[in-house]
Structure formats: C-alpha cells, structure tokens
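Here's the structure, in structure tokens; my notes come after.
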Amino acid sequence: MSGALGDVVSEYLERGPVLVVADLLSLITVSSCLVIKVPQINTIRANKSSKGISVLGLCLELFSYTVMLSYNYTSGYDFLSYMEYPVLLLQEYALIYYAFKYQDLLGKRTQVVAILYSIVATLIYLKLFPIIILTFLVPFCTPIGATSKVLQLLAILRSKDASSVSRTTWALSAFTNMTRIYTVFFQSHDWMLLSNFLISTFLSASVFTAACVYKKKAKAE
C-alpha cells in the first residue's frame, strides 16, 4: 500500500514544480472562495441595508460567473482549475437575494427572470445548450465582469459610504483572481481567461482601496 502511494506521489511530482504549484494555488483559491462573499453577505444582514452596493453590478457579476463556469465545464477543462465558480455562484445567489431584499426589488419581474435563468442553467448542465453561444459569450465576460466591478467602485465613490461593503470580500477577490493568473497561464494557456483575471485583479483591488478609504472617513465622522 505504502509502495503504491509512493509511486502515485512520485508520478505526480514528475509533472514538475510549476504545475504542482499551480495545483496548490488552485486549492488555495477554491478554499478562499468557499467564504469569499460570506463577509459581504453578513455585513448586509447585520446592517439591514445594502447602501453602497451596486445591484446592476451584482447581476453582471452573476452573468459573468455563469458563463465562465459553463465555458470551462463544456470545454472539459480540469475541474480543479475552475472549481471556485460553483461555490461563487451559490454565494452570489445569497448576496443578490439580500441586496434585492433591502432595496425592495424582490417583485414579480425579478421572479420571472430567476425562473428563466434556472431554465437556461439546467440546459447548460445537461449539455443541451448550444456550445457555440457560450463560445461567443466568453469574450464578453471580461468587459462585463470589469463593468460590474466599475459599477461597484462608482457606487462607493458616489455615495461616499462603504458601510455595507466588505473589505475582506474584495481583498479575497483580488487575491483569488491573482492566483488564477498563474494557474491559467501554466495549465490551459487560455488567453481569454488570462485577460479576464488580469483585469479582475486590478479592479477588485481598486474596489478594496475605495472601501478602505470611505470606511475610514465614515468612522471619523
């Protein structure tokens, strides 16, 4: 048994240190993503307010996560290289619910959109959704994901209030996007994914910085 385990370990290490590090970073990224949005959800719930949170930005982020998960899934990439997306989506659903709740947006229109989204997601899971559409949508995820973060940044700058914005969430967002730059570059060499993570890292760091500035000002006042 120990000999067989040793052979497995030796075979794995033969992949080279670059890919071993990539796997370790993937595990760290996925572990971080297990709780990345929990601080933001808890902040909104504790304050019973989603002031300073961009609802449109959250919806665009949801779209981006959904398309990226679907693209990786249908392309047959190593699950470890995109395992954070299912976890992020579950947290995004909860975050959107509370943001909509405290902005009184849980109406019939929202319910209809949620049902349509569920139908499309089911078709993708069953691989009945045309893959050509996903391939077409992937390049748009970079500008859409970037726009969602820009909207969040603008929401903080306009309101000058980051009391409902979790700095922990945005710090983890910048960190996990940065680790994905390494893993994507050395594992799949997918330049569409790489450009997405490069831009996301910069914008997440920008939102984190703005949240730090305006939380300090709010406390000072």
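Starting from residues that are farther than 26 Å from L153 by Cβ and not in a loop (DSSP other than H, G, I, E, B), keep the ones in the range 58-80 and report whichever is most open to solvent (accessible area, probe 1.4 Å). This residue is F79.
Whether a residue is farther than 15 Å from S206 by Cα and open to solvent by 70 Å² or more (accessible area, probe 1.4 Å) was assessed, and V120 does not pass this test.
Might you check whether a residue that is at pLDDT below 85 and among the polar types (S, T, N, Q) occurs anywhere in the range 38-56? Taking every residue of the range 38-56 in turn, none turns out to be at pLDDT below 85 and among the polar types (S, T, N, Q).
If you go through the range 28-43 and keep only what is more than 15 Å from W170 (Cα to Cα) and buried (at least 17 other Cβ atoms within 10 Å of the Cβ), you end up with just V30. Taking the range 156-179 as the range and being assigned to a helix (DSSP H, G or I), in contact with a helix residue (DSSP H, G or I) (Cβ under 7 Å, 6 or more places away or on another chain) and open to solvent by less than 60 Å² (accessible area, probe 1.4 Å) as the test, the residues that pass are I156, T169, W170, A171, L172, S173, A174, T176, N177, T179. The residues of the range 139-198 that are farther than 13 Å from E61 by Cβ, touching a Lys or Arg at 6+ places or on another chain (Cβ under 9 Å) and polar (S, T, N, Q), listed by number, are S159, S163, S164, S166.
Here is a yes/no grid of residues against (1) in contact (Cβ under 8 Å) with a residue 12 or more places away in the chain; (2) aromatic (F, W, Y); (3) surrounded by fewer than 17 Cβ atoms within 10 Å (Cβ to Cβ); (4) within 27 Å of I181 (Cβ to Cβ):
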position: R45; (1), (2), (3), (4): yes, no, yes, no
position: S50; (1), (2), (3), (4): yes, no, no, no
position: L56; (1), (2), (3), (4): yes, no, yes, yes
position: Y82; (1), (2), (3), (4): yes, yes, no, yes
position: L90; (1), (2), (3), (4): no, no, yes, yes
position: I96; (1), (2), (3), (4): yes, no, no, yes
position: L106; (1), (2), (3), (4): no, no, yes, no
position: A114; (1), (2), (3), (4): no, no, yes, no
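The values are calculated or read from the model by the stated rules, or taken from the named source; none is laboratory data. Everything quoted here is computed from the prediction, not taken from an experiment. So basically every Cβ, Gly included, is an ideal-geometry build from the backbone, and we count neighbours across all protein chains shown. Side chains included, ligands, DNA and RNA excluded: accessible areas come from the protein's heavy atoms. Shrake-Rupley method; radii C 1.70, N 1.55, O 1.52, S 1.80 Å.
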